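First the structure, in the form of structure tokens, and then the observations on it.
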């Protein structure tokens with residue numbers, strides 16, 4: 001029987017582990033299928049306080065893990081929860097035939113980028129293909145270079161606007177002939193001379209795998225089916241995120257897109273179940289904000305256990 005089980009090993013999960021371990025709760029952390037979470041797909045993290053020269057995303061997660069283990073966190077690697085029962089305490093979680101029981105649970109499963117699903121995208125990830133302008137836009141490889149942002153919502157507009165501080169020209173690729181973003185974001189994009197919308201178009205391939213770096217994209221006009229190429233040094237996907245919360249359907253309250261709904265801090269709809277990080281946050285999705293909510297979830301879990309035994 002565990003005091004607290006933490007599901008997920010990104011910034012939120014490891015921060016929760018550090019705090020609950022220091023509170024002598026002897027947490028058990030289940031890493032999931034992608035130890036370290038999305039940050040391990042980022043080359044250099046330059047916007048996390050305390051690292052003035054930046055830090056590799058994988059190294060950062062390894063340091064967080066070492067810190068959590070120093071205080072007594074136990075880790076189960078590669079464990080993916082396949083079934084849960086949150087109807088009563090102790091809460092039950094299964095990874096195939098393996099059963100875990102706990103008096104409290106912190107869900108920090110994160111979210112995955114919605115991919116374009118085109119040739120070259122996977123092969124060139126971290127080599128010019130990225131999904132976070134705030135994380136990667138200032139990297140030297142993108143400075144004073146033409147860049148592509150794919151999407152038409154608020155996130156895409158925010159990414160494009162942010163990238164104007166670094167790229168020479170920002171091409172905003174959208175499958176329709178008008179943006180679906182909020183009015184203020186549309187006005188901001190359309191009035192920026194460095195942003196050029198490319199209407200009625202979809203990316204069909206990211207170039208060039210043979211050169212092992214992004215050199216451009218192939219586009220298809222959805223109205224004429226005409227194929228064209230557009231030179232660029234980076235492709236920023238901004239077509240949304242998918243929270244990794246499917247296994248919790250029917251057990252805790254989620255919104256229409258699958259994000260876990262929290263009230264009064266990190267409390268979910270089930271007393272004793274807490275959530276933190278990108279599986280909750282549809283707005284900021286930054287390493288530092290995930291770590292902050294991980295801290296909050298740990299404190300909420302500690303107080304819950306102290307009052308409920």
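The values are calculated or read from the model by the stated rules, or taken from the named source; none is laboratory data. Everything numeric here is computed off the predicted structure, so don't read it as measured data. When we count neighbours, we look across all protein chains shown, and the Cβ atoms used for this are built from the backbone with ideal geometry, even at glycine.
Residues that are assigned to a helix (DSSP H, G or I) and more than 18 Å from residue 206 (Cβ to Cβ) were ranked within region 158-169; the one that is modelled with the lowest pLDDT is 158. So for region 3-23 (the condition being surrounded by fewer than 23 Cβ atoms within 10 Å (Cβ to Cβ), at positive phi and either touching a residue at least 24 places away in the same chain (Cβ under 8 Å) or in contact with a strand residue (DSSP E or B) (Cβ under 9 Å, 6 or more places away or on another chain) (or both)), does at least one residue qualify? No; the residues of region 3-23 include none that is surrounded by fewer than 23 Cβ atoms within 10 Å (Cβ to Cβ), at positive phi and either touching a residue at least 24 places away in the same chain (Cβ under 8 Å) or in contact with a strand residue (DSSP E or B) (Cβ under 9 Å, 6 or more places away or on another chain) (or both).
Residue count for region 289-309 under the criterion of being at negative phi and loosely packed, with under 15 Cβ neighbours inside 10 Å: the result is 4. Among residues of region 179-206 being out of contact with any strand residue (DSSP E or B) (no Cβ under 8 Å at 6 or more places or on another chain) and assigned to a helix (DSSP H, G or I), the one that is farthest from residue 165 (Cα to Cα) is 183. Within region 127-157, the set of residues being part of a helix (DSSP H, G or I) and within 19 Å of residue 115 (Cβ to Cβ) comprises 133, 134, 135, 136, 155, 156. Checking each residue in region 45-60 for being within 12 Å of residue 135 (Cα to Cα) and touching a helix residue (DSSP H, G or I) at 6+ places or on another chain (Cβ under 6 Å) picks out 45, 48, 57. Does region 84-92 contain at least one residue that is in the same structural domain as residue 250 (by TED's automatic domain parsing), more than 28 Å from residue 257 (Cα to Cα) and crowded, with 19+ Cβ neighbours inside 10 Å? No; the residues of region 84-92 include none that is in the same structural domain as residue 250 (by TED's automatic domain parsing), more than 28 Å from residue 257 (Cα to Cα) and crowded, with 19+ Cβ neighbours inside 10 Å. For region 76-95, residues that are more than 12 Å from residue 273 (Cα to Cα) and not in a strand (DSSP E or B) total 6.
Checking the structure you have, find out if any residue of region 47-64 is touching a residue at least 12 places away in the same chain (Cβ under 8 Å), over 19 Å from residue 286 (Cβ atoms), over 19 Å from the mean Cα position of the chain (by Cα) and assigned to a helix (DSSP H, G or I). If you could, list the steps in order and put the result at the bottom.
Our first condition is that a residue be touching a residue at least 12 places away in the same chain (Cβ under 8 Å); within region 47-64, this holds for 47-49, 56-58, 60-62, 64.
Then keep just the ones that are over 19 Å from residue 286 (Cβ atoms); that gives 62.
Right, trim to over 19 Å from the mean Cα position of the chain (by Cα) and you get none.
No: region 47-64 contains no residue that is touching a residue at least 12 places away in the same chain (Cβ under 8 Å), over 19 Å from residue 286 (Cβ atoms), over 19 Å from the mean Cα position of the chain (by Cα) and assigned to a helix (DSSP H, G or I).
For residue 67, state whether it is under 22 Å from residue 249 (Cβ atoms) and outside any strand (DSSP E or B). So residue 67 does not fit the description; no. Checked against (1) out of contact with any strand residue (DSSP E or B) (no Cβ under 6 Å at 6 or more places or on another chain); (2) touching a residue at least 24 places away in the same chain (Cβ under 8 Å), residue 102 passes all but condition (1).
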